[in-house]
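Take a look at the structure below.
The values are calculated or read from the model by the stated rules, or taken from the named source; none is laboratory data. Everything numeric in this text was worked out from a predicted model, so none of it was measured. Don't worry about glycine lacking a Cβ; one is built from the backbone with ideal geometry, like all the others, and counts go over all protein chains shown.
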Amino acid sequence: MEQCGNLYRRLYTDNEIGKLKIANSLWLDDEVNGQKINFKDRFLKNAAKDLYASIFSVNFSDKNTVSEMMVRWISENSNGTLTPKIEVDDNQIMSIINTIYFYDEWSELFIEDNTKEDKFYLENDDYVKCDFMHTDTSSEIVIGDGYKRSSLMLKGNGSMIFILPDENVSIKELLSSSQKIEEIFARGTGKSVLVSWSIPKFGYDSSLNLKDTLKSLGINSTSSDADFSGICDISAYISDAIQGTHISINEKGVEASAYTEIRILAGGIPTDKAEMNLNRPFIYGIAASNGTLLFVGICGNPEK
């Protein structure tokens with residue numbers, strides 16, 4: 001937990017330029033089906049000290065009240081960008097909820113008069129029309145195996161990374177293995193060129209159940225024999241792990257947010273030029289000033 005606290009302190013930003021705020025919370029019920037539950041003091045103290053977690057004592061049998069409290073907490077800590085539907089279970093003893101909120105402006109703002117409607121080609125060979133932002137700026141570009149990658153700097157020294165597959169390469173191919181994913185996001189040195197950018201404006205929300213993902217990573221705390229002895233004094237297991245995200249970009253900058261809930265139940269001037277015309281599905285990432293990837297996503301259709 002201490003290393004998480006160190007990372008939190010390095011990443012936290014809240015000023016007139018931008019925001020990067022991470023919030024954590026524990027929602028605890030000390031009784032389930034008439035059985036008293038003792039949560040370990042060390043766990044609670046470490047969560048508060050190293051993760052800056054807010055700790056709430058709740059009664060999960062009062063489902064509507066607790067659900068409303070959780071939604072309000074998520075909304076407040078995501079600047080109103082996330083208002084998910086939260087479900088509460090009768091046998092629930094704890095929820096761990098984390099949020100991250102990011103906002104920053106482009107180092108060089110896009111000129112709104114340069115934004116023009118154009119076609120974005122979908123993977124099924126159809127297309128939608130959407131607004132594209134345009135600018136020319138000095139950037140590093142990496143030409144990889146089946147893709148090209150470049151990024152735009154943000155005022156807070158972070159960046160937004162754009163990975164455009166070659167026309168005969170699908171996003172699925174680029175994300176086919178952990179080695180390939182590591183390669184396309186690797187911070188290698190590219191060639192500094194004058195990049196002609198064409199980027200669709202987009203904004204959307206998504207939700208994902210991470211339970212199967214946890215299993216694929218070898219985290220077997222979803223079974224009844226999981227060991228939560230470091231947290232409480234009864235048998236428990238993870239019933240669900242839900243993640244919701246929001247992302248939007250426009251001429252001014254980037255706004256992104258996410259929440260994760262884990263439910264625990266008892267039981268120089270360049271001369272060369274390049275083009276980044278993002279008029280077909282692409283991968284994006286948002287990196288903090290120290291290079292830490294905060295958000296990764298796919299824009300398959302800017303209109304959805």
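Set side by side, the residues Lys63, Lys116, Lys85 differ, and just one is closer than 30 Å to Ile283 by Cα, over 19 Å from the mean Cα position of the chain (by Cα) and among the basic types (Lys, Arg), which is Lys116.
Ile17 meets each of the listed conditions (1) of a type in the set (A, V, I, L, M); (2) under 23 Å from Ala288 (Cβ atoms); (3) crowded, with 16+ Cβ neighbours inside 10 Å apart from (3).
What do you reckon, is Ile55 surrounded by fewer than 16 Cβ atoms within 10 Å (Cβ to Cβ), in the same structural domain as Ile286 (by TED's automatic domain parsing) and either of a type in the set (Val, Ile, Thr) or closer than 30 Å to Gly34 by Cβ (or both)?
no
Is the stretch 181-197 home to any residue that is of a type outside the set (Val, Ile, Thr) and modelled with pLDDT of 95 or more? Looking through the stretch 181-197, at least one residue is of a type outside the set (Val, Ile, Thr) and modelled with pLDDT of 95 or more.
Report whether or not Gly244 is at pLDDT 90 or above, within 22 Å of Leu122 (Cβ to Cβ), surrounded by 15 or more Cβ atoms within 10 Å (Cβ to Cβ) and out of contact with any helix residue (DSSP H, G or I) (no Cβ under 6 Å at 6 or more places or on another chain). Considered against the rule, which asks whether it is at pLDDT 90 or above, within 22 Å of Leu122 (Cβ to Cβ), surrounded by 15 or more Cβ atoms within 10 Å (Cβ to Cβ) and out of contact with any helix residue (DSSP H, G or I) (no Cβ under 6 Å at 6 or more places or on another chain), Gly244 comes out as no. Pairing each residue of the stretch 186-208 that is farther than 18 Å from Tyr147 by Cβ with any residue that is of a type in the set (Lys, Arg) and not in a strand (DSSP E or B), provided the two are 6+ apart or on different chains, yields C-beta distances under 8 Å for Tyr204/Lys304.
Looking at the stretch 116-130, which of its residues are surrounded by fewer than 17 Cβ atoms within 10 Å (Cβ to Cβ) and out of contact with any Gly (no Cβ under 8 Å at 6 or more places or on another chain)?
Of the stretch 116-130, the ones surrounded by fewer than 17 Cβ atoms within 10 Å (Cβ to Cβ) are 116-119, 121-130.
Listed by number, the residues that qualify are Lys116, Glu117, Asp118, Lys119, Tyr121, Asn124, Asp125, Asp126, Tyr127, Val128, Lys129, Cys130.
Within the stretch 166-206, restricting attention to residues that are among the charged types (D, E, K, R) and surrounded by fewer than 14 Cβ atoms within 10 Å (Cβ to Cβ), the residue that is nearest to Asp125 (Cα to Cα) is Glu167.
Restricting attention to the stretch 150-175 and to residues that are in contact with a Gly (Cβ under 8 Å, 6 or more places away or on another chain) and charged (D, E, K, R), the residue that is nearest to Phe295 (Cα to Cα) turns out to be Lys155.
Leu44 fulfils the conditions (1) part of a loop (DSSP other than H, G, I, E, B); (2) surrounded by 15 or more Cβ atoms within 10 Å (Cβ to Cβ) except for a single criterion, (1). Of all residues in the stretch 1-36, those being at pLDDT 90 or above and not in a strand (DSSP E or B) number 1. Given (1) surrounded by fewer than 14 Cβ atoms within 10 Å (Cβ to Cβ); (2) part of a loop (DSSP other than H, G, I, E, B), identify the lone condition not met by Glu68. Failed condition: (2).
For the stretch 89-114, the set of residues classified as surrounded by fewer than 18 Cβ atoms within 10 Å (Cβ to Cβ), within 30 Å of Lys19 (Cβ to Cβ) and in contact with a strand residue (DSSP E or B) (Cβ under 9 Å, 6 or more places away or on another chain) consists of Glu105, Ser107, Glu108, Leu109, Ile111, Glu112, Asn114, listed by residue number.
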